[in-house]
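A.B. asks: Please find one structure pasted underneath; my questions will follow.
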Amino acid sequence: PHNPWQVFLRMLLEQYGAELLEDTRTDNELGLAQFQVDGVWRAKRILARYRGVIVADEVGLGKTYVAGELIREAAIERRQKVLVVAPATLRDGTWRPFLTSNNLPADVVSYEELTRDLERAGTAGASFQALDSYAMVVVDEAHNLRNSSTQRADALRELLGGRVAKDVILLSATPVNNSLTDLQTLISYITPSDSQFADIGVPSLKDYIASAQALSVDELSSHHLFEVLDAIAVRRTRTFIKEQYPNAQVNGKQIVFPQVRPHRVDHDLTEVLPGLLDDFAVALGVDVPADAVEAGDIAPRNAGESLTMARYVPSRYKLGHELEQYQVQNAGLLQSALLKRFESSTLAFSNTLGTMINSHNAFLRALDGGWVLTGDALREWVSSESDDVEELVRALDDEARNRAESSSGYDVAALRAAVTADREILASLRAAVAHVTWRNDPKIVALTETLAAIANDADQLGVGEQDTGDRRKVLLFTYYADTAHHIETALVNLTATDPRLACYRDRIVVATGADRHERQEAILGFAPRTAGTLNEDGKPTSDDRFDIAVATDVLAEGVNLQQAGRIINYDLPWNPMRLVQRHGRIDRIGSPHAYIDLHSFFPSKDLDRLLALEERLTKKLHLAAAAFGTSTVLPGIDAVERVLSERSAEI
């Protein structure tokens with residue numbers, strides 16, 4: 001009896017009618033931009049239905065302020081207790097100052113504090129109150145909890161699983177990092193029920209995500225995940241905000257987003273290390289099918305040709321026993337880590353080889369004494385959040401965490417021969433790179449040329465001293481502290497001798513660890529106008545002392561460094577979402593730059609044959625794009641717009 005148009009309107013009314021009748025106004029005491037106000041409105045609607053929401057706005061769009069308004073309404077208007085869980089750097093550098101300056105009563109703890117103090121919550125000396133006293137939990141950088149088997153994931157589930165139901169707000173610009181199961185894990189914190197979304201046509205969340213994951217990279221698109229993401233997430237992009245909120249303001253100033261320009265930097269290792277990559281390939285046994293080795297169907301290549309990794313897989317030599325799969329897995333991770341260390345810098349590679357050689361020596365000494373070090377650290381590392389090979393190797397030689405078994409149950413001769421042969425391979429690789437220093441390192445040469453071009457552009461285009469200084473500021477990321485110090489040594493010498501880099505002389509800072517004072521000194525000295533505080537005259541209270549900040553990912557989250565307009569990725573992480581987080585340090589609201597430039601070093605061509613890094617990054621970026629979209633990350637890979645929000649006119 002009804003025509004199709006009437007049926008369609010009735011469907012829309014059923015799906016969205018209640019939302020249209022809601023009051024979309026907010027007191028906005030935190031001074032939110034209109035698009036942030038609308039984000040709060042959508043988040044509140046989702047919270048009302050599912051008691052949880054993923055706020056996945058692009059990096060730099062103010063997720064902290066969206067969460068802040070939700071905290072304000074809960075803590076002040078409803079007089080409920082709120083707990084914020086965040087990485088330690090954001091707890092101290094972002095959340096505590098934000099809550100204090102906006103008079104928001106909420107407890108804030110780090111992931112580590114949550115895990116450590118869970119059993120004694122609410123007692124004297126604990127970091128937070130009794131679990132059931134909280135009505136709202138905000139988790140910042142929630143992608144760090146995508147691995148469901150970690151201690152921190154267990155702690156969060158226990159926090160959320162008490163007698164009192166809690167609203168859960170997960171903040172992450174990059175919810176999908178490695179696979180779509182990341183999304184399933186995050187949603188499980190909001191609702192553990194597999195059938196939670198049956199009313200919107202998804203009877204099983206697990207099957208829904210598995211079917212999308214099973215699709216090829218070319219087949220998968222946002223349509224395969226729309227139902228669930230539209231129900232549970234808030235996601236806006238810069239492009240969306242430019243189109244829908246052209247007059248958006250923050251603190252009375254028009255919002256202007258910089259245009260992103262990605263650049264590729266290449267280098268060639270073959271001239272300084274002829275033949276080494278082939279030797280490295282043989283050492284890693286790359287032509288041996290990995291799945292066959294892990295299954296035990298075939299043995300590794302003969303001792304002396306390829307690494308057997310026997311020191312890390314002693315169960316292979318245990319009489320009458322099967323392989324311990326966690327040992328095999330960690331041995332594979334160690335080999336991958338060696339590749340990544342080599343891709344980063346020869347110094348990082350050499351240092352790790354030295355650590356592993358010492359570990360082999362310790363193992364052989366114990367074997368000579370009649371003991372096999374099986375290492376509880378191996379078992380612990382397989383489920384940890386760390387991917388630091390140095391941390392694992394050090395832990396293996398930590399007597400307090402090691403377990404020794406009598407060698408009587410092992411083929412001692414074969415085990416000794418394999419470990420000894422591996423040690424010799426490691427030593428030969430280390431000797432092969434010993435002659436490479438910053439003076440003849442092809443990556444340092446390419447870095448020098450990149451910095452010289454940046455300094456020249458700043459001189460040519462800068463208008464006044466301040467603008468010129470900001471244009472030459474460079475935030476340089478590397479994955480490893482060893483590489484950061486290698487770069488520091490090179491730049492200190494080069495800025496003293498190369499006239500093209502003279503403007504950077506004595507203006508270099510390094511931040512590689514968790515030392516809060518070191519990190520704050522680097523941040524405030526590098527970007528005092530955007531990361532520091534301003535006096536009554538609008539001048540920064542910290543001196544501008546640095547133009548190059550060399551950092552590991554300790555500066556990749558939660559800091560406002562948009563005074564700079566250049567980032568250099570000296571090495572590429574296997575997780576491309578780390579790049580998104582890095583880039584978000586300068587691609588933010590309030591950037592003074594019309595353009596920001598992202599320079600990424602790609603592996604030497606022959607090395608990428610072993611790494612397959614470009615292929616891996618492309619695949620992961622496509623997965624992330626299908627779910628939440630991606631910004632411009634690397635040259636040659638287009639940004640993908642993915643919006644989970646109503647348009648302003650609809651609201």
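The values are calculated or read from the model by the stated rules, or taken from the named source; none is laboratory data. Everything numeric here is computed off the predicted structure, so don't read it as measured data. FYI the Cβ positions are ideal-geometry reconstructions off the backbone, even for glycines, and counts take in every protein chain you see. Surface accessibility is based on the protein's heavy atoms, side chains included, excluding ligands, DNA and RNA. Shrake-Rupley method; radii C 1.70, N 1.55, O 1.52, S 1.80 Å.
A.B. asks: Select from the stretch 312-343 the residues that are in contact with a strand residue (DSSP E or B) (Cβ under 8 Å, 6 or more places away or on another chain) and buried (at least 17 other Cβ atoms within 10 Å of the Cβ) and write down the one among them that is nearest to Phe363 (Cα to Cα).
C.D. replies: Pro314
A.B. asks: Does the stretch 72-110 hold any residues that are touching a residue at least 40 places away in the same chain (Cβ under 8 Å), within 25 Å of the chain's Cα centre (by Cα) and surrounded by fewer than 18 Cβ atoms within 10 Å (Cβ to Cβ), and which are they?
C.D. replies: Ala88, Asp92
Residue-wise test of (1) modelled with pLDDT of 85 or more; (2) outside any helix (DSSP H, G or I).
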site	(1), (2)
Ala348	yes, no
Met356	yes, no
His360	yes, no
Ala377	no, no
Ser384	no, yes
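A.B. asks: Among the residues of the stretch 530-551, which ones are under 25 Å from Ala88 (Cα atoms) and surrounded by 18 or more Cβ atoms within 10 Å (Cβ to Cβ)?
C.D. replies: Across the stretch 530-551, the qualifying residues are Thr530, Ala531, Gly532, Ser542, Phe546, Ile548, Ala549, Val550, Ala551.
A.B. asks: Of all residues in the stretch 344-373, which are in contact with a strand residue (DSSP E or B) (Cβ under 6 Å, 6 or more places away or on another chain) and not β-branched (Val, Ile, Thr)?
C.D. replies: Of everything in the stretch 344-373, those that are in contact with a strand residue (DSSP E or B) (Cβ under 6 Å, 6 or more places away or on another chain) and not β-branched (Val, Ile, Thr) turn out to be Phe363, Ala366, Trp371, Leu373.
A.B. asks: Can I ask one more? Would you confirm whether or not the stretch 264-285 contains a residue that is touching an Asp or Glu at 6+ places or on another chain (Cβ under 8 Å), of a type outside the set (D, E, K, R), in a strand (DSSP E or B) and closer than 30 Å to Ile589 by Cβ?
C.D. replies: No, because not a single residue in the stretch 264-285 is touching an Asp or Glu at 6+ places or on another chain (Cβ under 8 Å), of a type outside the set (D, E, K, R), in a strand (DSSP E or B) and closer than 30 Å to Ile589 by Cβ.
A.B. asks: Take the conditions free of Cβ contacts under 8 Å to residues at least 60 places away in the same chain and not aromatic (Phe, Trp, Tyr) and apply them to Gln259. Does it pass?
C.D. replies: For Gln259, the condition - free of Cβ contacts under 8 Å to residues at least 60 places away in the same chain and not aromatic (Phe, Trp, Tyr) - is not met.
A.B. asks: So, one more: Leu186: open to solvent by less than 10 Å² (accessible area, probe 1.4 Å), within 22 Å of Ala214 (Cα to Cα), at pLDDT 90 or above and not in a loop (DSSP other than H, G, I, E, B), yes or no?
C.D. replies: Yes: the conditions hold for Leu186.
A.B. asks: Could you give me the residue pairs with C-beta distances under 6 Å whose first residue belongs to the stretch 127-146 and is open to solvent by 20 Å² or more (accessible area, probe 1.4 Å), whose second residue is of a type in the set (Val, Ile, Thr) wherever it lies, and which are 6+ apart or on separate chains?
C.D. replies: Qualifying pairs under 6 Å: Ser127/Val109; Asp132/Val164; Arg146/Thr185.
A.B. asks: A further question on this structure: Glu69 - would you say it is over 25 Å from Gln184 (Cα atoms) and surrounded by 22 or more Cβ atoms within 10 Å (Cβ to Cβ)?
C.D. replies: When the stated conditions are applied, Glu69 passes them.
A.B. asks: Being open to solvent by 30 Å² or more (accessible area, probe 1.4 Å) and within 23 Å of Asn575 (Cα to Cα) narrows it down to one of Ser211, Ser179, Ser172, Ser193, so name that one.
C.D. replies: After applying the criteria, what remains is Ser211.
A.B. asks: Give just the number: which of (1) modelled with pLDDT of 95 or more; (2) over 23 Å from Leu451 (Cα atoms) does Asp515 not satisfy?
C.D. replies: Of (1) modelled with pLDDT of 95 or more; (2) over 23 Å from Leu451 (Cα atoms), only one is false for Asp515: (1).
A.B. asks: In addition: Within the stretch 586-602, take every residue that is in a loop (DSSP other than H, G, I, E, B) and open to solvent by less than 10 Å² (accessible area, probe 1.4 Å) and give me the one that is farthest from Ala88 (Cα to Cα).
C.D. replies: Only one residue fits best here, namely Phe602.
A.B. asks: Among the residues of the stretch 588-607, write down those that are modelled with pLDDT of 85 or more and of a type in the set (Gly, Ala, Ser).
C.D. replies: Result: Ser591, Ala594, Ser600.
A.B. asks: To continue, here is another question. For the stretch 208-241, how many residues are free of Cβ contacts under 8 Å to residues at least 60 places away in the same chain, not in a helix (DSSP H, G or I) and not aliphatic (A, V, I, L, M)?
C.D. replies: Of the residues in the stretch 208-241, 3 are free of Cβ contacts under 8 Å to residues at least 60 places away in the same chain, not in a helix (DSSP H, G or I) and not aliphatic (A, V, I, L, M).
A.B. asks: If you don't mind, there's one more thing I want to ask. Anything in the stretch 154-183 that is β-branched (Val, Ile, Thr) and in a helix (DSSP H, G or I)? List them, or say none.
C.D. replies: Thr181
A.B. asks: Among the residues of the stretch 196-208, count how many are open to solvent by less than 40 Å² (accessible area, probe 1.4 Å) and either among the aliphatic types (A, V, I, L, M) or touching a His at 6+ places or on another chain (Cβ under 9 Å) (or both).
C.D. replies: 4
A.B. asks: Out of everything in the stretch 215-247 that is modelled with pLDDT under 85 and among the hydrophobic types (A, V, I, L, M, F, W, C), what residue ends up being most open to solvent (accessible area, probe 1.4 Å)?
C.D. replies: Top of the filtered list is Phe226.
A.B. asks: Given the condition within 24 Å of Val256 (Cα to Cα) and open to solvent by 40 Å² or more (accessible area, probe 1.4 Å), answer yes or no: does some residue in the stretch 561-583 qualify?
C.D. replies: No, that holds for no residue.
A.B. asks: May I ask you to list the residues in the stretch 411-451 that are open to solvent by 50 Å² or more (accessible area, probe 1.4 Å) and not in a helix (DSSP H, G or I)?
C.D. replies: The answer is Asp411, Ala434, His435, Thr437, Arg439, Asn440.
A.B. asks: Quick check: is even one residue across the stretch 9-29 open to solvent by 40 Å² or more (accessible area, probe 1.4 Å), modelled with pLDDT of 90 or more and touching a helix residue (DSSP H, G or I) at 6+ places or on another chain (Cβ under 8 Å)?
C.D. replies: No - not one qualifying residue is present in the stretch 9-29.
Residue-wise test of (1) open to solvent by 30 Å² or more (accessible area, probe 1.4 Å); (2) assigned to a loop (DSSP other than H, G, I, E, B); (3) of a type in the set (A, V, I, L, M, F, W, C); (4) more than 20 Å from Leu598 (Cα to Cα).
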{"site": "His486", "(1), (2), (3), (4)": "no, no, no, yes"}
{"site": "Leu494", "(1), (2), (3), (4)": "no, no, yes, yes"}
{"site": "Arg500", "(1), (2), (3), (4)": "yes, no, no, yes"}
{"site": "Val510", "(1), (2), (3), (4)": "no, no, yes, no"}
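A.B. asks: I would also like to ask the following. Could you check, for the stretch 452-473, whether at least one of its residues is over 30 Å from Ala594 (Cβ atoms), open to solvent by less than 50 Å² (accessible area, probe 1.4 Å) and in a helix (DSSP H, G or I)?
C.D. replies: No, that holds for no residue.
A.B. asks: Just give me the residues in the stretch 39-66 being over 24 Å from the mean Cα position of the chain (by Cα) and open to solvent by 10 Å² or more (accessible area, probe 1.4 Å), in sequence order.
C.D. replies: Trp41, Lys44, Arg45, Leu47, Ala48, Arg49, Tyr50, Arg51
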